1. So what is the 222 nm mean residue ellipticity for the chain from helices alone, if each DSSP H run of at least 4 adds -39500 (n - 2.57) and you divide by all residues, rounding to the nearest 500 deg cm²/dmol?
2. Starting from segment 33-112, pick out the chymotrypsin sites (Phe, Trp or Tyr not before Pro) whose DSSP state is loop and whose Cβ has at most 13 other Cβ atoms within 10 Å.
3. In segment 45-76, which trypsin sites (Lys or Arg not before Pro) fall in coil by DSSP and have 12 or fewer other Cβ atoms within 10 Å?
4. Taking the beta-carbon count within 10 Å as an exposure proxy, list LEU92, LEU157 from fewest neighbours to most.
5. With charges set only on the Cβ (+1 for Lys and Arg, -1 for Asp and Glu), what does the dipole of segment 7-213 come to about its Cα centre, in debye to the nearest 20?
6. Pull up all non-local amide H partners of TRP53: gap of 5 or more, or a different chain, and H-to-H distance under 5 Å with H placed in the peptide plane.
7. Once a ≥ b ≥ c are taken as the square roots of the eigenvalues of the Cα gyration tensor of segment 7-213, is the result rounded (a/c under 1.5), prolate (a/b larger than b/c) or oblate (a/b not larger than b/c)?
8. Filter the GluC sites (Glu not before Pro) in segment 116-199 to those in DSSP coil with at most 13 other Cβ atoms within 10 Å of their Cβ, and list the result.
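Please treat every number below as a calculation from the coordinates, not as lab data. Computed from a predicted structure; not experimentally measured. Positions of Cβ are generated from backbone atoms using ideal geometry, with glycine treated the same way; all protein chains shown enter the neighbour counts.
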Amino acid sequence: MPIAIPPQQLIDALNWRYATKKFDSSKRIPDDVWHALEQSLVLSPSSIGLQPWKFFVVTDSAMKTQLRAASYRQAQVVDCSHFVVFTVRRDLDAEHVERHIARMAEVTGTAPESLGKFRAMTMKNLDQARAEGKLDIWQEHQAYIALGKFMACAAVLAIDTCPMEGIEPAKFDQILGIAGGNYATAVACAAGYRHPEDKYATMKKVRFKPEDVVVRI
């Protein structure tokens, strides 16, 4: 059983979190802390458990510089400790499903043949989404689930993050060497430690009142 943290500790961590605009480039996330954050990505939930993603963790300064040029020169890309690019599997197909089923069988000790109903259900859903032109959009939504989980876990560990959609995905794909492949960039997130001079760190968090956004039925 996991050890629950006090509820107020979670609220405090989420209030402490903000989209960090200026990172302290001299500080690096410790290896054990980063390992936990990588596991938060690996353990992210996804529709039907298909995990239609790959997460590129960039710490190489030269590649960060290239990615910054494809991020409208935003400094977070180079100043952060770890820069994560969330890529999504496009045109999800039977090959990916079979890979998932093989992994299910490996982990659970189940015979792949016994997963026939799951295979058929999964392919039916994918084929329907493909016919409706929604398949890639559906899978891209999964990346944002992983992004949200990553940022929340980072906040609990007192790691700063900045989600970034202000990027040029096609250029990212070229820099990462995945252009023309099965995966494509969806969104990115910088992680590290806020700079003492980041004025946004002390700004009050503006949110609607709970009663305006939470409906209890």
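1. Numbers: 9 runs with 100 residues, N = 217.
After summing the helix terms and dividing by the residues of the chain, the value is -14000 deg cm²/dmol.
2. Working: sites: TRP34, TRP53, PHE55, PHE56, TYR72, PHE83, PHE86; in loops: TYR72.
Hits after loop and neighbour filter: TYR72.
3. Numbers: sites: LYS54, LYS64, ARG68, ARG73; in loops: ARG73.
Answer by residue number: ARG73.
4. Numbers: LEU92 22, LEU157 16.
Exposure proxy ranking, most exposed first: LEU157, LEU92.
5. On the way: 26 positive and 25 negative charges, 99 e Å.
For segment 7-213, the charge dipole is close to 480 debye.
6. ARG89
7. Numbers: a/c = 1.94, a/b = 1.58, b/c = 1.23.
Verdict is prolate for segment 7-213.
8. Details: sites: GLU132, GLU140, GLU165, GLU197; in loops: GLU132, GLU165, GLU197.
When the GluC sites (Glu not before Pro) of segment 116-199 are filtered for loop state and at most 13 Cβ neighbours within 10 Å, GLU132, GLU165, GLU197 remain.
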